[in-house]
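Any read-out appearing in this document is the output of simple, stated calculations on the displayed coordinates, not a laboratory observation. Only a predicted model underlies this, so the values are computations on that prediction, with no experimental measurement involved. Heads up, the Cβs are rebuilt from the backbone with ideal geometry, glycines too, and the neighbour counts pull from every protein chain shown.
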Amino acid sequence: MTSILIKDLATELELFTEDPVEIFISSGVSWQQYEELLNQLGDSPWYRVTYLEEVLEIMSPSRRHDRDKTNIGMLLEAYFQETRTRFWGLGSTTFRIQAKKGGTEPDECYCIGTEKEFPDLAIEVVLSSGGLDKLAVYKKLGIREVWFWKNRRFDVYHLLGEEYEKMQQSELLPNLDLSLIAEYVQRPDPLEAVLEFRERVRENLGGS
């Protein structure tokens, strides 16, 4: 799509609210325009904004998207608590570096061990194709690990040197059974899911 002015985006976003659009992409957007849009949106929960080398993506999450990302965060934080892993949940905070022309808002993200300027782990819920290359953005930000929740499973990418490598298991949380947490993300009752998941984690800890 051709570039549009930031002042026209408000009209576009109103249309998104009335007839939600999954992904909107605009090219030729300056860093200043990107920051102006972030200021306009503030802490709105209705949109996720990503910027990569003058290309802007605005995503309007669906009910299923936000349900899955909330369930993932709830289960992962239960794991942190049960294993006494120090963590700082930063949600969908905007992270950006002007010099590298990259910025994004993860669905969920965490600092692990110590609090840092940028999270160690970012999580993305992917329910549709298309959009910007999120790994390219995260590489610019130096995020150590990225999980994509897609097709009812986690795809894990760990930053090794200057490139991401797909892993079978998390390097940050090597003892976490990703197939187990994936099972509980899909449970229809979130309360029952997290309570049972905690029990499973405790059993695994007791047997280790």
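Using the Cα centre as the reference, give the magnitude of the dipole from point charges on the C-beta atoms of the range 63-207 (Lys, Arg: +1; Asp, Glu: -1; all else neutral), rounded to the nearest 20 debye.
380
Of the listed pairs 116/139; 139/166; 69/116; 100/166; 100/150, which have alpha-carbon separations greater than 18 Å here?
Details: 116/139 16 Å; 139/166 14 Å; 69/116 22 Å; 100/166 23 Å; 100/150 28 Å.
Check vs 18 Å cut-off fails for 69/116; 100/166; 100/150.
What number, rounded to the nearest 500 deg cm²/dmol, is the helix-based mean residue ellipticity at 222 nm of the chain, given -39500 (n - 2.57) per DSSP H run of at least four residues and division by all its residues? Spell out each step's value before the answer.
Numbers: 6 runs with 78 residues, N = 208.
When only DSSP H runs of four or more count, the value is -12000 deg cm²/dmol.
Determine ³J(HN,Hα), in whole Hz, for all residues of the range 61-77 in sequence, where each value follows from phi through the Karplus function 6.51 cos²θ - 1.76 cosθ + 1.60 and θ = phi - 60°; x replaces Gly and Pro.
These are the phi-based 3J(HN,Hα) values: x, 8, 4, 5, 4, 6, 4, 5, 5, 5, 5, 4, x, 5, 5, 5, 5 Hz.
Rg and Dmax of the chain, using alpha carbons, in Å: what are they?
Both quantities, over Cα of the chain: 17.8, 59 Å.
Taking the Cα centre of the chain as the origin and placing charges on Cβ (Lys, Arg +1; Asp, Glu -1), which of 32, 119, 52 is farthest toward the positive end of the dipole?
Towards the positive end, the residue furthest out is 119.
Over all alpha-carbon pairs of the range 105-208, lay out the pair-distance distribution in 5 Å bins, whole %, shortest bin first.
2, 11, 20, 22, 20, 14, 7, 3, 0
Fully extended, how many nm does the chain gain between residue 93 and residue 118 (0.36 nm per residue separation, minus their Cα-Cα distance)? All intermediate terms of the calculation are to be shown ahead of the outcome.
Values: separation 25, 0.36 × 25 = 9.00 nm, distance 0.98 nm.
8.0 nm is the gain from fully extending residue 93 to residue 118.
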